[in-house]
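Written out below as structure tokens is the structure these notes cover.
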Amino acid sequence: MERRKWLNYVSKLLWVIGLTILAIVSFNIEEQLRLSAQETFNHVLVLWSKPLVSTIFGIYISLLFIKKWSYNINSSLFWCVALPCMLLSFIYPILVTAFYSNPDFFIDSLINLWIYKISSYNVFGIVTGFTLMLSLFAQPKKTVQDVN
């Protein structure tokens, strides 16, 4: 029993080390994309990197909360939280990419500012990754028979 308790602490410390490595790697990738965007004047990749990186962080954070790796879908969490958050996270890069050749229509709209405000904090990307993993690997609900 003592060994399992010790192993639990070590696994959490390894998770923190992995989070630090993930933060450094994601910072380096975003910095390389920024430098490339400054040279080519194409900032679309920078816009796509933010929701992707935040989704990966959400997936990594969810590793702390998944106790059993069995494939059980929680459909309400998937359809009502993960998918809308994914849409809100990726809507700005999708619209910028779609209107890249004709930006006048998109730049002049008030929706552009509203969508940018929503997606600039990258919270929806973290929630997307977190709830996506939790919805795919949900714990089966205990029935009355399981409790007794």
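If the segment from ASP108 to LEU87 were pulled out straight at 0.36 nm per residue, it would be longer than the present Cα-Cα gap by 5.4 nm.
Distance distribution P(r), the chain, all Cα-Cα pairs, bin width 10 angstrom from 0: 10, 28, 30, 18, 8, 3, 1 percent.
Shape verdict for the stretch 1-86, please, from the Cα gyration tensor: rounded (a/c under 1.5), prolate (a/b greater than b/c) or oblate. Judged from the Cα gyration tensor, the stretch 1-86 comes out oblate (a/c at least 1.5, b/c at or above a/b). Computed from the C-beta positions of TYR100 and LEU77, the FRET efficiency with R₀ = 25 Å rounds to 0.15. Between SER54, ILE29, MET133, the Cα set farthest toward the positive side of the dipole of the chain (charges on each charged residue's Cβ, about the Cα centre) is that of MET133. How big is the charge dipole of the stretch 2-140 about its Cα centre, in debye rounded to the nearest 20, if each Lys and Arg gets +1 on its Cβ and each Asp and Glu gets -1 on its Cβ? Magnitude of the dipole: close to 880 debye.
Multiplying the residue separation of LEU35 and VAL10 by 0.36 nm and subtracting their alpha-carbon distance yields 5.2 nm. Lys-Lys pairs in the stretch 23-148 that are eight or more residues apart or on separate chains and whose Cα atoms lie under 25 Å of each other come to 5.
Under 5 Å between amide hydrogens, built in the peptide plane, is the criterion, and for ASN74 it picks out LEU136, ALA138 among residues at least 5 positions away or on other chains.
Read-outs: derived from the displayed coordinates by stated rules, not from any lab. Because the structure is predicted, anything quoted here is derived from the model rather than measured. In this analysis, Cβ positions are derived from the backbone assuming ideal geometry, glycine residues included, and neighbour counts consider all displayed protein chains.
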